[in-house]
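A.B. asks: My structure is below; once you've seen it, I'll send some questions.
The values are calculated or read from the model by the stated rules, or taken from the named source; none is laboratory data. Just so it is clear, the model here is predicted, and its values are computed rather than measured. All Cβ positions, glycine included, derive from the backbone under ideal geometry; neighbour counts span all protein chains shown.
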Amino acid sequence: MTKFCRGWTTIVITWFSVLFATGCTPFVRTHTIEEIAPVILWSVKEGGNNHLSISTVVPPIVPEKKQVLTVQADLLEQGGKRFNLKYDKELVSGQVRMVFIDEQLARKGIGDLINTMMTDPDISPRLFIVVVRGDFDGFLRQQLEQQKPLDYSLYLDLRHYAKEQSEISMVDLHEFTKKLYSPFSSPIAPMFKVEPDTLTYEGTAVFSHDKLFTSLSQTDDELFQLVQRDSRISTIILPELSIALGHVRSHVQTNLNQNRSQISIRVDLYGRIQEYNGTKNLTNANELDSLNAEVESYLQRHTTQLLTSLQQQRLDPLQLGTLTLHPFSPPMTEEEWLYRWDNLKVYVDYHLHLDTLTNVTA
Amino acid sequence: MRSKRDNGNRIAAHHNAAILSLQSLTDILVGIDDAEIIKQEAFGSRKIGLIYIRTLVDLERLNESIIKPLKTRPTAPLLQCVESANVSQFNTLEQAERNLMSGCVLVNDMIENVWWAIKLPTSLGRSVQPSDTESVVYGAKESFTEQLDQNITLIRRRLPVVALKTEKFSIGTLSNTSIVLMYLEGITNPNFIKIARSKIKRIDFDQFLADSQVAAFMDDNIHSVFPQFLSTDRPDQCSWSLGLGKVVILVDGSPFALVAPITFFHLFQSPEDYFLRWIVASLFRSTRYASFLLSSLLVPLYVALTTYNYQVVPIQILGVLLESRSRLPFSPFWEALLMLVTLQILNEASLRMPTKAGQTLGVVGGIVIGEAAVTAGFVSNVLIVLVGISAIASFLVPNYQLAKSNTVLQFLLLILAALFGIFGIAVGLLVILAHLNALTSLRQPYLAPVAPFFAREWSDLFIRAPLPWQSTRPKSLAPLQRWRMGGRKS
């Protein structure tokens, strides 16, 4: 065999090795871009009689006159197929980036929905999961009259908060599924409320397995943001103390003791006093220390209350159960952890490092 | 059965049979108008015949060096009259013919029947000019010319050492082209010299007009689109390569030299890399690699994404693509093919047209055709931008032959992208990588120092590290002297 033939034989063998070793098929389905409508948003809610009502916005992405398409289906994939019968272009799901799930459906359980999306190779796991309270489809129909690229601007908003990793408990399909199947954490998702012409962030929806169990709102949500990981929040308002803390950064250290009977959470909070409307004189060091102590005490009290309430509901959105994991020892079962979590003593310790923006005298 | 070599040399063999005489030479010069035969001229007591080709000989030097001395010194022996150092005696018709055609004046002492060849070639040729193909802003401006000796001089000036050897060969049964193999004795691996020498000796063809034709006979893989010799017209590039332990081949009549062995990565190195500050040079070199990838992949990726893999397009760009392609009559593949073929037509046209007309062509091609094609709805404005970027990026590759090869790769990847999407591009790239890995230059691996791996040489690969750090010659070249430092005399 000549050298030339040997070279080509090598190439052909390499080619087929690549084809089959990776399990890929070269016979891919054509999706010529002008012939498809890659939707980026799904809204899913209960449709009655155990049906799902699935809605989307078409044409997607492009700033043209749009409409909301809604279909009733037993399965999510069936809904996708029925969309194609109602629209002149093929609606494809490879670019779906947001799924808005109605609160009522979330309370009944979204495990099947999550599994379907997770196992669909077309759907990216970088898909934002959002729980909505109210008529989201109605909101879409109303808003499409006013802003054409509504689907795209919604995506940009969610992506912004996902990048910031604070302020809003953004979660994608991958993170949600990971928590759903972890024995040591309760899945969370952001919860929005539909008001006649606005979509307002309500707080964090906390799931017990695949069912929406409770939601954390306002101060509880802010405290949850602070302690769930090292985070940065632009402003924390504490109305009871008439104070607003700005540019807040938290550094969280959690520790479970040896006999797994108590958990301590130390939060170092860095920031500055953005606004104060109370009676203390902030230029006086003693009064400033006193205010610091009040804020620390307030945060400790409320965080402890929040954690206690989560313990009572057997929810662990902070994934504190992962502290029980050690190399060379078998992990606890979910039941075992939740029992321990319910009975753990929780100590929260805040350390404030605040700048005052004014000269302080002793 | 007559062999190929016998067949090729039949013209020379025919003359070998004849006996060298003034008459036999006169016979073979029949029909050559510029041949001058001066018979039986009496220069004093001597009877001398002079034969030369008027267009190959410096006539002024002929008068000064031969005719005038012969007339003014009628009794002196012939050799004492000739004022030239380059005199040789010959006695066969074949030698006579070769000398005649290389610019010699043949002198026949008709009394003693002795033949002399006095080399007086005309110095016709262009002067040393700046390089067009490898121009640099900061650095030497000299480039090779078509004259072999002048090119050797340009290299010798940069390497004034006796270790710089020049071995001369003659190839081409018709063109009788001189080629010179240059190397640094004591540095260059003797194996490379041996391989180059044997490859040159095996060359069998009638005519050689350019260095690339010589390279075509010396390539290890003649079917590859990748050049296995670095073709350069810069003497500084040649001397640098010689210093590293490579060989250089100069071809008479070609303003380019061949450098070998080379690797794929050498094709991205510009002489300017070694003149600029190392950080700046490294940035530029990295940009060249990126540009090569851009120019080969940008348009195929567009076709793959718009035909199959819309999922991986960022949403922001997806919106732009959807809008730009919404009313086009062609599929992405035909649209891209149309644009690339148009670009090739414009490229070829601009090379063949006079410089001033070329500017007009640029305006017509770039602005009028591009803009009109978008307005008419033949192509999308996104593709126009991508083809533009791809075309400009292809000019960043300093090696002209690789830049041309890149076009072939682009078309190959385009077809694979149209058939199999991103998977096709990945397979195409893998095949190209496998081919590069199998390729050799003077039987040395083409992907060194990546495969085989030579860690030290990475300092002059994707970046160009400071020169003091490059204290050794590339290990992949197996030089006889590894260290480049330590030669300072006190």
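A.B. asks: Return the total of residues in region B:405-455 being in a loop (DSSP other than H, G, I, E, B), away from chain A (no Cβ under 14 Å), aliphatic (A, V, I, L, M) and in contact (Cβ under 8 Å) with a residue 40 or more places away in the chain. If you could, list the steps in order and put the result at the bottom.
C.D. replies: As a first pass, look at region B:405-455 and keep what is in a loop (DSSP other than H, G, I, E, B): B:421, B:439, B:442-443, B:446-454.
Checking which are away from chain A (no Cβ under 14 Å) leaves us with B:442, B:447-454.
In the following step, the residues that additionally are aliphatic (A, V, I, L, M) were identified as B:442, B:447-448, B:450-451.
Then drop every residue that is not in contact (Cβ under 8 Å) with a residue 40 or more places away in the chain, which leaves B:442, B:447-448, B:450.
Number of matching residues: 4.
A.B. asks: Which pairs have Cβ atoms under 8 Å, sit 6 or more apart or on different chains, and link a residue in region B:85-96 that is assigned by TED's automatic domain parsing to the domain that holds B:SER65 and touching a residue at least 40 places away in the same chain (Cβ under 8 Å) to one that is assigned to a helix (DSSP H, G or I) and surrounded by fewer than 16 Cβ atoms within 10 Å (Cβ to Cβ)?
C.D. replies: What qualifies is B:THR92/B:ASN16; B:LEU93/B:ASN16; B:LEU93/B:SER24; B:GLU94/B:ALA12; B:GLU94/B:ASN16.
A.B. asks: Ok, one more. Being at pLDDT below 90, surrounded by 22 or more Cβ atoms within 10 Å (Cβ to Cβ) and among the small types (Gly, Ala, Ser) narrows it down to one residue among A:SER169, A:SER217; which is it? Even if it seems obvious, please write down each step before you answer.
C.D. replies: Details: A:SER217 fails: surrounded by 22 or more Cβ atoms within 10 Å (Cβ to Cβ).
The match here is A:SER169.
A.B. asks: Among the residues of region A:212-255, write down those that are under 20 Å from the mean Cα position of the chain (by Cα) and among the acidic types (Asp, Glu).
C.D. replies: Matches in region A:212-255: A:ASP220, A:ASP221, A:GLU222, A:ASP230.
A.B. asks: Let me ask another. Looking at region B:328-338, which of the residues that are of a type outside the set (A, V, I, L, M, F, W, C) and in a helix (DSSP H, G or I) is farthest from the other protein chains (Cβ to nearest Cβ)?
C.D. replies: Residues of region B:328-338 that are of a type outside the set (A, V, I, L, M, F, W, C), as a first pass: B:329, B:331-332, B:335.
So of that shortlist, the ones also in a helix (DSSP H, G or I) come out as B:332, B:335.
Working: B:PRO332: 7, B:GLU335: 11 Å.
That would be B:GLU335.
A.B. asks: Oh, and also: Using the structure shown, decide if B:THR287 is surrounded by 17 or more Cβ atoms within 10 Å (Cβ to Cβ) and farther than 25 Å from B:LEU174 by Cβ.
C.D. replies: On the way: surrounded by 17 or more Cβ atoms within 10 Å (Cβ to Cβ): no; farther than 25 Å from B:LEU174 by Cβ: yes.
No; evaluated as a whole, the condition is false for this residue.
A.B. asks: From the list A:PHE224, A:PHE176, A:PHE207, pick out the single residue that is closer than 27 Å to A:LEU320 by Cβ, modelled with pLDDT of 85 or more and outside any helix (DSSP H, G or I).
C.D. replies: A:PHE207
A.B. asks: Turning to a different aspect of this structure: Answer yes or no: is there a residue in region B:259-270 that is touching a helix residue (DSSP H, G or I) at 6+ places or on another chain (Cβ under 9 Å) and more than 26 Å from B:ALA438 (Cβ to Cβ). I'd like the intermediate steps shown before the answer.
C.D. replies: Step one: of region B:259-270, the residues touching a helix residue (DSSP H, G or I) at 6+ places or on another chain (Cβ under 9 Å) are B:259-270.
If we keep only those that are more than 26 Å from B:ALA438 (Cβ to Cβ) as well, we get B:270.
Checking region B:259-270: at least one residue is touching a helix residue (DSSP H, G or I) at 6+ places or on another chain (Cβ under 9 Å) and more than 26 Å from B:ALA438 (Cβ to Cβ).
A.B. asks: Now a separate question. Being crowded, with 19+ Cβ neighbours inside 10 Å and at pLDDT 85 or above is the requirement here; does B:TYR310 meet it? Outline the logic, then answer.
C.D. replies: Numbers: crowded, with 19+ Cβ neighbours inside 10 Å: yes; at pLDDT 85 or above: yes.
It is true that B:TYR310 is crowded, with 19+ Cβ neighbours inside 10 Å and at pLDDT 85 or above.
A.B. asks: Need a quick list: strands (runs of 3 or more DSSP E) entirely within region B:1-111 having at least 3 residues that are surrounded by 13 or more Cβ atoms within 10 Å (Cβ to Cβ) and either under 37 Å from the mean Cα position of the chain (by Cα) or at pLDDT 80 or above (or both).
C.D. replies: Values: elements: B:35-43, B:46-53, B:87-90, B:104-109.
It comes to B:35-43, B:46-53, B:104-109.
A.B. asks: Still on this structure, I have one more. Show me the strands (runs of 3 or more DSSP E) entirely contained within region A:59-105 in which 1 or more residues are farther than 19 Å from A:GLY48 by Cα, within 14 Å of chain B (Cβ to nearest Cβ) and within 26 Å of the chain's Cα centre (by Cα). Lay out the reasoning, then the answer.
C.D. replies: Values: elements: A:67-73, A:90-92, A:98-102.
Passing ranges, in order: A:90-92, A:98-102.
A.B. asks: Search region A:262-274 for residues that are farther than 14 Å from A:VAL252 by Cβ and pair each with any residue that is of a type in the set (A, V, I, L, M, F, W, C) and loosely packed, with under 14 Cβ neighbours inside 10 Å when their beta-carbon atoms are under 8 Å apart and the residues are at least 6 apart or on different chains.
C.D. replies: Partner pairs satisfying both residue conditions: A:ARG272/A:LEU357; A:ILE273/A:LEU357.
A.B. asks: Continuing with the same structure: Taking the criterion of being in contact with a helix residue (DSSP H, G or I) (Cβ under 7 Å, 6 or more places away or on another chain), at pLDDT 75 or above, at the interface with chain B (Cβ under 9 Å from one of its Cβ atoms) and surrounded by 14 or more Cβ atoms within 10 Å (Cβ to Cβ), would at least one residue in region A:42-57 satisfy it?
C.D. replies: Let us first name the residues in region A:42-57 that are in contact with a helix residue (DSSP H, G or I) (Cβ under 7 Å, 6 or more places away or on another chain), namely A:43-46, A:52, A:54-57.
Subset that is at pLDDT 75 or above: A:43-46, A:52, A:54-57.
Filter once more, so that each one left must be at the interface with chain B (Cβ under 9 Å from one of its Cβ atoms): none.
Within region A:42-57 (the criterion being in contact with a helix residue (DSSP H, G or I) (Cβ under 7 Å, 6 or more places away or on another chain), at pLDDT 75 or above, at the interface with chain B (Cβ under 9 Å from one of its Cβ atoms) and surrounded by 14 or more Cβ atoms within 10 Å (Cβ to Cβ)), the answer is no, since none of the residues qualifies.
A.B. asks: Out of curiosity, is B:SER254 touching a Ser or Thr at 6+ places or on another chain (Cβ under 9 Å), assigned to a loop (DSSP other than H, G, I, E, B) and buried (at least 23 other Cβ atoms within 10 Å of the Cβ)? Lay out the reasoning, then the answer.
C.D. replies: Details: touching a Ser or Thr at 6+ places or on another chain (Cβ under 9 Å): yes; assigned to a loop (DSSP other than H, G, I, E, B): yes; buried (at least 23 other Cβ atoms within 10 Å of the Cβ): yes.
For B:SER254, the condition - touching a Ser or Thr at 6+ places or on another chain (Cβ under 9 Å), assigned to a loop (DSSP other than H, G, I, E, B) and buried (at least 23 other Cβ atoms within 10 Å of the Cβ) - is met.
A.B. asks: Looking only at region A:282-290, decide whether some residue is in a loop (DSSP other than H, G, I, E, B) and at pLDDT 90 or above. Give the derivation first.
C.D. replies: So the first thing to find is which residues in region A:282-290 are in a loop (DSSP other than H, G, I, E, B), and the list is A:282-283.
Filter again for at pLDDT 90 or above, leaving none.
There is no residue in region A:282-290 that is in a loop (DSSP other than H, G, I, E, B) and at pLDDT 90 or above.
A.B. asks: Here is a follow-up. All but one of (1) within 8 Å of another protein chain (Cβ to nearest Cβ); (2) more than 18 Å from A:ARG29 (Cβ to Cβ); (3) not β-branched (Val, Ile, Thr) hold for B:LEU301; which doesn't?
C.D. replies: The failed condition is (1).
A.B. asks: Within region B:312-327, which residues are touching a helix residue (DSSP H, G or I) at 6+ places or on another chain (Cβ under 9 Å) and either more than 7 Å from every other protein chain (Cβ to nearest Cβ) or polar (S, T, N, Q) (or both)?
C.D. replies: Within region B:312-327, B:VAL312, B:VAL313, B:GLN316, B:ILE317, B:VAL320, B:SER324, B:SER326, B:ARG327 qualify.
A.B. asks: A:LEU156 is checked against (1) under 21 Å from the mean Cα position of the chain (by Cα); (2) free of Cβ contacts under 8 Å to residues at least 60 places away in the same chain; (3) buried (at least 16 other Cβ atoms within 10 Å of the Cβ) and fails just one. What number does that condition carry?
C.D. replies: Result: A:LEU156 passes all but (3).
A.B. asks: Related question: Return yes when B:PRO479 is part of a loop (DSSP other than H, G, I, E, B) and touching a helix residue (DSSP H, G or I) at 6+ places or on another chain (Cβ under 7 Å) and no when it is not.
C.D. replies: No, not satisfied.
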